[in-house]
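Undergrad: So that we are looking at the same thing, I have put the structure below in structure tokens.
The values are calculated or read from the model by the stated rules, or taken from the named source; none is laboratory data. Everything numeric in this text was worked out from a predicted model, so none of it was measured. Here the Cβ positions follow ideal geometry from the backbone for every residue, glycine too, while neighbour counts run over all protein chains shown.
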Amino acid sequence: MNLPADLPPPLILTPVAPDAHTVRIALSGDLDHETCDLLLSLVEGQLTDRPDMVHLHLDCAGLLACDSMGLAALLMVRRRTSGAGVRLHLDHRTLPLDRLLMLTGTLEHLTGPPAAVRERSEDQTGR
């Protein structure tokens with residue numbers, strides 16, 4: 001895909017690892033059918049390269065749009081992080097992203113603790 005020089009790229013991903021246990025990825029642009037593989041590839045690489053990671057923060061403040069494939073990518077990120085024992089955080093969510101997550105019933109799934117964390121918490125409280 002060739003973009004005119006004055007248009008920004010459709011999605012810019014900026015990873016930062018402040019420590020061995022945390023990775024932050026700033027998303028800027030559109031998370032859609034054309035860009036979702038970029039996010040998945042970056043997350044998979046971070047999970048592979050950082051075995052001590054405990055938290056993955058996706059900073060969504062710069063996210064302009066998220067279509068159904070973008071949502072599918074977020075769900076896949078959740079599946080991969082959960083499987084690796086990493087807590088996913090969707091930070092600075094925009095109103096349109098929150099609306100999409102609420103309408104699709106995925107808000108709690110994507111922003112809540114992984115099942116293993118919920119089960120440990122429930123065991124400790126006796127529920």
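Undergrad: Mind telling me which of the residues V77, V54 ends up being β-branched (V, I, T), in contact with a Gly (Cβ under 9 Å, 6 or more places away or on another chain) and modelled with pLDDT of 95 or more?
TA: Matching residue, one of V77, V54: V54.
Undergrad: Would you check if T111 is modelled with pLDDT under 95 and touching a strand residue (DSSP E or B) at 6+ places or on another chain (Cβ under 7 Å)?
TA: yes
Undergrad: Exactly one of (1) among the charged types (D, E, K, R); (2) assigned to a helix (DSSP H, G or I); (3) farther than 17 Å from P114 by Cβ; (4) touching a residue at least 24 places away in the same chain (Cβ under 8 Å) is unmet by R78. Its number?
TA: The single condition R78 does not satisfy is (3).
Undergrad: Taking the conditions exactly as written (in contact with a His (Cβ under 7 Å, 6 or more places away or on another chain), within 16 Å of S28 (Cα to Cα), surrounded by 20 or more Cβ atoms within 10 Å (Cβ to Cβ) and of a type outside the set (S, T, Y)), does C60 satisfy them or not?
TA: Yes: the conditions hold for C60.
Undergrad: Identify, from the list L47, L31, the residue that is out of contact with any His (no Cβ under 7 Å at 6 or more places or on another chain) and farther than 18 Å from T104 by Cβ.
TA: Exactly one residue qualifies, and that residue is L47.
Undergrad: Inspect all residues belonging to region 82-94 and state whether any of them is buried (at least 18 other Cβ atoms within 10 Å of the Cβ), among the β-branched types (V, I, T) and either out of contact with any His (no Cβ under 8 Å at 6 or more places or on another chain) or part of a strand (DSSP E or B) (or both).
TA: The answer is no; no qualifying residue exists.
Undergrad: Now, a different point. If the Cβ limit is 7 Å and pairs must be 6+ apart or interchain, which residue in region 87-99 that is more than 16 Å from D30 (Cβ to Cβ) and of a type outside the set (V, I, T) pairs with which residue that is in a loop (DSSP other than H, G, I, E, B) and at pLDDT below 95?
TA: R87/P113; R87/P114
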